[in-house]
Structures are given as structure tokens and as C-alpha cells.
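The values are calculated or read from the model by the stated rules, or taken from the named source; none is laboratory data. As the structure is a computational prediction, the values presented were derived from the model and not from experiment. All Cβ positions, glycine included, derive from the backbone under ideal geometry; neighbour counts span all protein chains shown. Areas reflect the complete protein model, heavy atoms only, side chains present, ligands, DNA and RNA absent. Shrake-Rupley method; radii C 1.70, N 1.55, O 1.52, S 1.80 Å.
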Amino acid sequence: MPLWDYWHHIEYRRELRKGHYLHEYTEIVEDQGWVLRRRGMTPEEYFSYYTRGCAEDFLGRVRAKPGTWLVAVYRTGASPYGERTLRGSIRMRWPARFLDASSAEPT
């Protein structure tokens, strides 16, 4: 187990209709990306940028359904199952074009 304390839970909720979300995935990661900064970006801009990059990677790997997703990031500190503190969340569109033909649902 790593000696660092950068554990995070990333929760993915797909919007079913306005204001109603379905919690579909939780990813547990040991990642210090949220404590870094990028020149020319505010902390809020960098949080959105980094969270979106992580979400696009994960949603692509799990072949998630297209739609609007709420992605929330919680820090858990030194343990992956420690007390969770919300770092922030973003709302993003996950387009169907990222799905390949074999993963598309029949219409």
C-alpha cells in the first residue's frame, strides 16, 4: 500500500431527468492530481479540468451510457476508507460518440 495520503472517491451519477440522478459508479483512486496547480488557471478551473479528464478516462473504460453526469470528488486522506470530505463536483456531458458499436444499446 502506498505511503501517501492522496486517496479519493469519485462518484458518478447519471442524470435521469432534471434534478434526478442515478448513482452508477464509485471509483477509489490514490491520486495527488487535485492538489496540483496549472499556471494560468484558478484552483476552480483546474479542479474542473482535472476532474473532467479523470471522468472521461473512467467513463470510457466502463463504456458508460451517454448523457449528463454529475461527478463528485471526495478526499479520504491516508486511508481509502477514511472519513470523506467533499472537494467539489462538476456536471458534464458524456457524448455517445465515445462508445463503440459493440457497446451501444439496441434502440
Scan region 12-25 and tell me whether some residue there is touching a helix residue (DSSP H, G or I) at 6+ places or on another chain (Cβ under 6 Å) and open to solvent by less than 60 Å² (accessible area, probe 1.4 Å). no
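Table: residues versus (1) modelled with pLDDT under 95; (2) on the phi > 0 side of the Ramachandran plot; (3) in contact with a His (Cβ under 7 Å, 6 or more places away or on another chain).
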residue	(1), (2), (3)
TYR50	yes, no, no
GLY53	yes, no, no
ALA72	no, no, no
GLY77	yes, yes, no
TYR81	yes, no, no
ILE90	no, no, no
